[in-house]
Amino acid sequence: MKKTRFNELHKKLGGKMIEFVGWELPVEYSGIIPEHMAVRTKAGLFDVSHMGEVLVTGKGALAYVQWLTPNDAGKLVPGQVQYTALMTPESTFVDDMLVYCMGPEEYLLVVNAANDDKDFAWIAGHTKGFAVKVEHQSDPYSQLALQGPLAETILQPLTDIPLAGMTSFHWAKGKVAGKDCLVSRTGYTGEDGFEIYTMDPDPGIIWTTLIEKGKPLGLLPIGLGARDTLRLESKLMLYGNDISDKTTILEADLKWIVKLEKGDFLGKPVIVKQLAEGLKKKLVGFEMAEPGIARPHYPVHYRGQKVADVASGTFSPLLKKSIGLVYLPIEGTAVGTEFEIEIRGKKTKARVIPTPFYKRAKK
Amino acid sequence: MYPNDFRYTKDHEWIKVEGDEAVVGITDFAQNQLGDIIYVELPAVGKELAAHQSLGVVESVKSVSDVYAPVPGVVTAVNEALAQTADLLNKDPHGQGWIIRIRMKDQKAVDGLLKAGDYEKFLEGLEH
């Protein structure tokens, strides 16, 4: 099992370690519910060093990123970040990812741990005709996520980067706890917060300082369990559950990251075709209308037919109800539509509700 | 931690004999492994349970687990409080977080279960 550079620190804090896509990571420390609520109300610190990084450089970097992704990387200036996807020619997902514009000819792609090697092979396999160099940088990078309404309050005294001036989906370089870092105002929780990247071979001090300074303000270390409940309440996609190489970007309801006017890109012809013909299924949010918790892979029935399996499903610690995501036939996707989820053999009522399930109040 | 007047299973249930009835719950180890428990599916009163038959389901945020009958019996009561406050299983697993009462078919069946010290040794084995 691979270990992040913070592995021993998690164990010291009582993190319950599990295997996750080949990595030994904490699933929880104090419990999913207290960790979840800490991020929603105060702050939480995550080790997300398992995420993958690929650096793309060269004269053709922009044209190449534009070809591989549906969002318009041409709109990015250095210092900006964008949510986008790596798409197959069928407009399904190789992965979803963040693109950091580092310079006019330099982009950092941040991809899911589960897909890291597959993604790098895909990216490296599509360079033909582009003047680019791609480097797999997952190993040297460590990454922490500091999330929650108090994230800026906790981080500012520890960094020379002026955070008040950093708006959402922007990044800057500077010191954090004395270490060279890249800090972006991004995250996977639906809260305000930061992701902190470093190539320092010994970055433990960043973790311990954030824990120490944040603790009096209510910060908790957060495991993978709460990471999942937080992202689902905010309807942030999880590869393998909600999106995959079997689901198209329009079916995943991610049209907002598709910019057809930017020019040609992988998958575009299929997107244009689906837009013209209409979708057969779409990812929607649901809540249980009867007691029970819907989990991934539970069978889903609509109008007497099995139509899908639950994509994501959990108990929402904030809303205190069972929520989830599922691909339903397009005629069943209107808010209020009732359908059934088989929970341990028992058909249990669920209904389509608006998403995201939770959206933070803007300041 | 583990009361001496209880018996235990390797599936992490406990049973406390009271006359010809017994109270059944899950152990502190089990609740700790499950994490925050939010939902308990209970059997109907009167249901007949064979040994090792699933008597209900405990759901935490992260997982679903069956709870098994440590010995055969008939359900005489269920802990109704768990419908509203399933986290009693976390807070007081050996007390207020009891799950069901059963009338035992054969009290001797309990003798085959683990004593507190043996259960603790069993747990030590799991942690290494």
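Within the range A:194-210, the residues that satisfy the criterion of being within 11 Å of A:Ser142 (Cβ to Cβ), assigned to a helix (DSSP H, G or I) and not small (Gly, Ala, Ser) are A:Ile206, A:Trp207. Residue check: A:Lys347 meets all listed conditions (1) surrounded by fewer than 17 Cβ atoms within 10 Å (Cβ to Cβ); (2) within 14 Å of chain B (Cβ to nearest Cβ) but one, namely (2).
Kindly provide the set of residues from the range A:240-282 that are aliphatic (A, V, I, L, M) and assigned to a strand (DSSP E or B), ordered by number. Within the range A:240-282, just A:Ile243 meets the criteria. Pairs are defined by a Cβ separation below 7 Å, a sequence spacing of at least 6 or placement on different chains, a first member in the range B:8-23 that is closer than 12 Å to B:Val71 by Cα, and a second member that is acidic (Asp, Glu) and modelled with pLDDT of 95 or more; the pairs so defined are B:Lys16/B:Asp5. Summed over the range B:44-56, the residues that are buried (at least 18 other Cβ atoms within 10 Å of the Cβ) and within 13 Å of chain A (Cβ to nearest Cβ) give a count of 1.
B:Val67 passes every criterion in (1) within 11 Å of another protein chain (Cβ to nearest Cβ); (2) farther than 17 Å from A:Arg295 by Cβ apart from (1). The condition of being in contact with a Ser or Thr (Cβ under 9 Å, 6 or more places away or on another chain), part of a strand (DSSP E or B) and closer than 24 Å to B:Asn32 by Cα holds for only one of A:Leu45, A:Leu9, A:Leu25, A:Leu86, that being A:Leu25.
Condition check ((1) closer than 14 Å to B:Gly117 by Cα; (2) aliphatic (A, V, I, L, M); (3) surrounded by 15 or more Cβ atoms within 10 Å (Cβ to Cβ)) across all residues:
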position	(1), (2), (3)
B:Pro3	yes, no, no
B:Arg7	yes, no, yes
B:Lys10	yes, no, no
B:Ile15	no, yes, yes
B:Val23	no, yes, yes
B:Thr27	yes, no, yes
B:Asn32	no, no, no
B:Val40	no, yes, yes
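Any residue in the range B:44-52 that is among the basic types (Lys, Arg) and not in a helix (DSSP H, G or I)? Scanning the range B:44-52, I find at least one residue that is among the basic types (Lys, Arg) and not in a helix (DSSP H, G or I), so the answer is yes. In the range A:117-155, which residue that is basic (Lys, Arg) and not in a helix (DSSP H, G or I) is farthest from the chain's Cα centre (by Cα)? Among those that are basic (Lys, Arg) and not in a helix (DSSP H, G or I), it is A:Lys128.
Would you mind stating whether B:Ala22 is over 12 Å from the mean Cα position of the chain (by Cα) and either within 14 Å of chain A (Cβ to nearest Cβ) or more than 25 Å from A:Leu232 (Cα to Cα) (or both)? Let's see the steps before the verdict.
Values: over 12 Å from the mean Cα position of the chain (by Cα): no; either within 14 Å of chain A (Cβ to nearest Cβ) or more than 25 Å from A:Leu232 (Cα to Cα) (or both): yes.
It is false that B:Ala22 is over 12 Å from the mean Cα position of the chain (by Cα) and either within 14 Å of chain A (Cβ to nearest Cβ) or more than 25 Å from A:Leu232 (Cα to Cα) (or both).
Sort out which residues of the range A:222-239 are within 12 Å of the chain's Cα centre (by Cα) and in a loop (DSSP other than H, G, I, E, B), and write them in order of number. Selection gives A:Ser234, A:Lys235, A:Leu236, A:Met237, A:Leu238. Among the residues of the range A:302-343, those that are on the phi < 0 side of the Ramachandran plot, in a loop (DSSP other than H, G, I, E, B) and either within 14 Å of another protein chain (Cβ to nearest Cβ) or of a type outside the set (Ser, Thr, Tyr) (or both) comprise A:Pro317, A:Leu318, A:Leu319, A:Ala334, A:Val335.
B:Asn32 fails exactly one of the following numbered conditions: (1) within 12 Å of chain A (Cβ to nearest Cβ); (2) part of a strand (DSSP E or B). What is the number of that condition? B:Asn32 satisfies every listed condition except (2).
Would it be correct to say that A:Gly79 is in the same structural domain as A:Ala151 (by TED's automatic domain parsing), under 20 Å from the mean Cα position of the chain (by Cα) and more than 28 Å from A:Pro216 (Cα to Cα)?
Details: in the same structural domain as A:Ala151 (by TED's automatic domain parsing): no; under 20 Å from the mean Cα position of the chain (by Cα): yes; more than 28 Å from A:Pro216 (Cα to Cα): yes.
So A:Gly79 fails the test.
The values are calculated or read from the model by the stated rules, or taken from the named source; none is laboratory data. From a predicted model like this one, the values you see are computed outputs, not experimental measurements. Using ideal geometry, Cβ is built from the backbone for each residue, glycine included, and neighbour counts are taken over all protein chains shown.
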